[in-house]
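The next block holds one structure in the form of structure tokens; read it before the comments.
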Amino acid sequence: QKEVEQNSGPLSVPEGAIASLNCTYSDRGSQSFFWYRQYSGKSPELIMSIYSNGDKEDGRFTAQLNKASQYVSLLIRDSQPSDSATYLCAVIAAGNKLTFGGGTRVLVKP
Amino acid sequence: EADIYQTPRYLVIGTGKKITLECSQTMGHDKMYWYQQDPGMELHLIHYSYGVNSTEKGDLSSESTVSRIRTEHFPLTLESARPSHTSQYLCASRGAGGSLPSYNEQFFGPGTRLTVL
């Protein structure tokens, strides 16, 4: 079992719809969770951090954390073609090691 | 905005040449990382450092070497480049943690795209 797992996609979403991305992690002691966006050929860009159970909203992005179920999700509201990218989930587990998932590719179709 | 820089951004070089990829950050981060990523593929950690004079190999075996003589500088060297080294190399840095969890946020440089002919 991988430490951080994501569905590779592609997740195809119509423009204006909500894109929902999921990530599960194996270390129950994990405390810090991050979402990165990576456009093709570019480096990953940090878009959301979440540390407590519940929801955290930032513009059109909402991160949701459920430590009991060991998953973290990212919602993108009013999806735009410019949101088409690969989204990486990253988790800091015990030992302060940051581990990335394989990424979910999102395609927003006009 | 992250202050982490990589040079060169693009490098095309012949087999057998020695190359050094530069990475610098001005955030005072103690942790620095090198990742290798092929197009459409996952990130692979190849080297990391938790401070000056500390370097470790990552999860993916690499023929490259690194050094950390100054906190802000973490260069990666290939003694003899081969076509199999063609890839994108990403440098990243992260704080030491502390009273705010945001100190653990990791930021990436723009990357170096290496092509070995």
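The values are calculated or read from the model by the stated rules, or taken from the named source; none is laboratory data. Predicted model only: the values in this text are computed from it and were never measured. Cβ atoms come from the backbone with ideal geometry, glycine included; neighbour counts cover every protein chain shown.
So for segment B:49-63 (the condition being touching a residue at least 24 places away in the same chain (Cβ under 8 Å), within 13 Å of chain A (Cβ to nearest Cβ), closer than 29 Å to A:Tyr51 by Cβ and touching a Cys at 6+ places or on another chain (Cβ under 6 Å)), does at least one residue qualify?
no
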Filter pass, A:Arg60 being over 22 Å from B:Tyr33 (Cα atoms), in contact (Cβ under 8 Å) with a residue 40 or more places away in the chain and either within 10 Å of the chain's Cα centre (by Cα) or more than 14 Å from every other protein chain (Cβ to nearest Cβ) (or both): no
Please determine, by comparing only the residues of segment B:34-71 that are crowded, with 16+ Cβ neighbours inside 10 Å and hydrophobic (A, V, I, L, M, F, W, C), which one is nearest to A:Leu98 (Cα to Cα). B:Leu45
Consider segment A:68-110. How many of its residues are in a strand (DSSP E or B), of a type in the set (S, T, N, Q) and either within 12 Å of another protein chain (Cβ to nearest Cβ) or closer than 14 Å to A:Tyr36 by Cβ (or both)? 3
Residues within segment B:90-117 that are under 22 Å from B:Val52 (Cβ atoms), at pLDDT below 95 and outside any strand (DSSP E or B), tallied: 7
Hits in segment B:72-94 (condition: surrounded by 18 or more Cβ atoms within 10 Å (Cβ to Cβ) and either among the aromatic types (Phe, Trp, Tyr) or out of contact with any strand residue (DSSP E or B) (no Cβ under 6 Å at 6 or more places or on another chain) (or both)): B:Phe74, B:Tyr89
Is one or more of the residues making up segment B:23-33 among the charged types (D, E, K, R), crowded, with 20+ Cβ neighbours inside 10 Å, in a loop (DSSP other than H, G, I, E, B) and in contact with a Ser or Thr (Cβ under 9 Å, 6 or more places away or on another chain)? no
Residue match in segment A:10-18 (condition: surrounded by fewer than 15 Cβ atoms within 10 Å (Cβ to Cβ) and either within 14 Å of chain B (Cβ to nearest Cβ) or under 20 Å from B:Ser102 (Cβ atoms) (or both)): yes
Condition first: modelled with pLDDT of 95 or more and either farther than 18 Å from B:Thr115 by Cβ or part of a loop (DSSP other than H, G, I, E, B) (or both). Now tell me which residues in segment B:1-22 satisfy that. B:Ile4, B:Tyr5, B:Pro8, B:Arg9, B:Gly14, B:Thr15, B:Gly16, B:Lys17, B:Lys18
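Just to verify a result, which residue in segment B:6-48, among those that are among the polar types (S, T, N, Q), closer than 14 Å to B:Ser87 by Cβ and out of contact with any Cys (no Cβ under 6 Å at 6 or more places or on another chain), is farthest from the other protein chains (Cβ to nearest Cβ)?
B:Gln36
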If B:Glu79 satisfies every condition in (1) more than 14 Å from the chain's Cα centre (by Cα); (2) under 23 Å from A:Gln38 (Cβ atoms) but one, which is the exception? (2)
Is there any pair with a first residue in segment B:98-115 that is within 19 Å of B:His85 (Cβ to Cβ) and a second that is in a loop (DSSP other than H, G, I, E, B) and at pLDDT below 70 whose Cβ atoms are under 9 Å apart and which are 6 or more apart or on different chains, and what are they? B:Gly109/B:Ala2
On the basis of being within 27 Å of A:Asn7 (Cα to Cα) and away from chain A (no Cβ under 11 Å), does B:Asp3 make the cut? no
